[in-house]
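Have a look at the structure below before the remarks.
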Amino acid sequence: MKLSKFLRITLIAGLFSAPLSYAAESLVLHVGDQNYYNIRASIEASGVLKDAPYSVDWKHFQAAAPLVEALQTGSLDLGFLGDSGFLFLAAKQAPVKLIGVSRQNPDTIALLVPKDSPVKTIADLKGKKVAYWPGAWSQQLTLRALEQGGLPENYVDFVKLMPIDAAAALPQGSIDAFPVWEPYISQQIVFSGARPILTAKNLMPGLSAIAASAPSIDSKRAAIADFLGRLKRARAWVDSHTDEYADLWAKKANLDQQVSRHWLRQAHMSVGPVDRQAAADLQSTADFLFKVKALPAPLATAGIIDTSFQQALAD
């Protein structure tokens, strides 16, 4: 039996269109998240990803260092990390670009001491054990505080610890100070009475990087742009549903509600494009890290910034 001309055309069109539809349905964005950014939680709670023409494979990281490694190996399309972690990665000539930034209350990055500690300023930490993680804000915050106080880098005894280990060590007295970010700050304040002796305010930009793999920008540009726009909407939703979101986040992360509310009521986290101020802040941080020999060579940051996602992140 012969097929009608219309049916033949329909079948041929179906053969050519099917793979394209399948490709669209199977597109996956691999996104690296940390508790400080709570990207996944804010996006899922706000429901902004509901009709996305792609799926998201979420990867959770305890700190910047393992996330950096995943970006470097191409395991992630996008990653959220502090500016110093991103700069350490870029300095290795990894194929990554800064495509957006996140800002937050500078008090969400702080140097903590135990509640009964006599330490009141950075000068009181002479010879004492201070936790840090290479390439993370903990290193940058402590180095900047030492510089501002006119003190040498070896003024304190740096102890290399991941944040989760340092969080256990501080109340036990194994370390004397813990430079860290949220939600560790709120956990320490609520549960052990730890107190900040300084924060990132007037010390460092506290800029957060939305980093993308360069090959992913080429192959998944439309999906990345769409994701950034949805993320901006998710942040707006959090701002208008702060306690509701904090309670959801606490349940999801298996944390105390007091901790999440203490943190998120003051976080004021936003996302936006790499504007002139962000670019200047990034270069300033790179210059500082080279000055204190944390970076092996000067780094011109203009070449690692991709401004082509400005529209996706515009107000």
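Evaluating ALA94 against the criteria (1) outside any strand (DSSP E or B); (2) of a type in the set (A, V, I, L, M, F, W, C); (3) not assigned by TED's automatic domain parsing to the domain that holds PHE227 leaves one unmet condition, (3). For the stretch 149-156, the count of residues that are closer than 22 Å to PRO183 by Cβ and either within 16 Å of the chain's Cα centre (by Cα) or of a type in the set (Phe, Trp, Tyr) (or both) is zero.
Exactly one residue out of ALA91, ALA145, ALA110, ALA131 is modelled with pLDDT under 95, under 30 Å from ALA300 (Cα atoms) and small (Gly, Ala, Ser): that is ALA91. From the list LYS92, LYS50, the lone residue that is of a type outside the set (Gly, Ala, Ser), out of contact with any Cys (no Cβ under 9 Å at 6 or more places or on another chain), surrounded by fewer than 19 Cβ atoms within 10 Å (Cβ to Cβ) and closer than 22 Å to VAL238 by Cα is LYS50.
A single entry from GLN277, GLN258 fulfils the requirement of being farther than 20 Å from SER84 by Cα, more than 17 Å from the chain's Cα centre (by Cα) and surrounded by fewer than 18 Cβ atoms within 10 Å (Cβ to Cβ): GLN258. When ALA167, ALA194 are checked against the criterion of being touching a Phe, Trp or Tyr at 6+ places or on another chain (Cβ under 6 Å), more than 19 Å from ALA294 (Cβ to Cβ) and crowded, with 20+ Cβ neighbours inside 10 Å, ALA167 stands alone in meeting it.
Residues checked against (1) closer than 22 Å to ASP281 by Cβ; (2) not in a helix (DSSP H, G or I):
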{"site": "GLU44", "(1), (2)": "no, no"}
{"site": "LYS50", "(1), (2)": "no, yes"}
{"site": "ASP57", "(1), (2)": "no, yes"}
{"site": "HIS60", "(1), (2)": "no, yes"}
{"site": "LEU67", "(1), (2)": "yes, no"}
{"site": "LEU87", "(1), (2)": "yes, no"}
{"site": "ALA90", "(1), (2)": "yes, no"}
{"site": "ILE99", "(1), (2)": "yes, yes"}
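Annotation: PHE178 fulfils all but one of (1) of a type in the set (Phe, Trp, Tyr); (2) in contact with a strand residue (DSSP E or B) (Cβ under 8 Å, 6 or more places away or on another chain); (3) assigned to a helix (DSSP H, G or I); (4) outside the structural domain of LEU71 (by TED's automatic domain parsing); the unmet one is (3).
Just one of the listed residues (LEU76, LEU71, LEU49) is over 14 Å from the mean Cα position of the chain (by Cα) and farther than 19 Å from ALA166 by Cβ, namely LEU49. The numbered conditions (1) at pLDDT 90 or above; (2) within 19 Å of the chain's Cα centre (by Cα) are all true for ARG195 except (2). Filtered by the rule that a residue be of a type in the set (A, V, I, L, M) and surrounded by fewer than 15 Cβ atoms within 10 Å (Cβ to Cβ), the stretch 170-191 gives no residues.
The values are calculated or read from the model by the stated rules, or taken from the named source; none is laboratory data. Keep in mind the model is a prediction, meaning the values are calculated, not measured. When we count neighbours, we look across all protein chains shown, and the Cβ atoms used for this are built from the backbone with ideal geometry, even at glycine.
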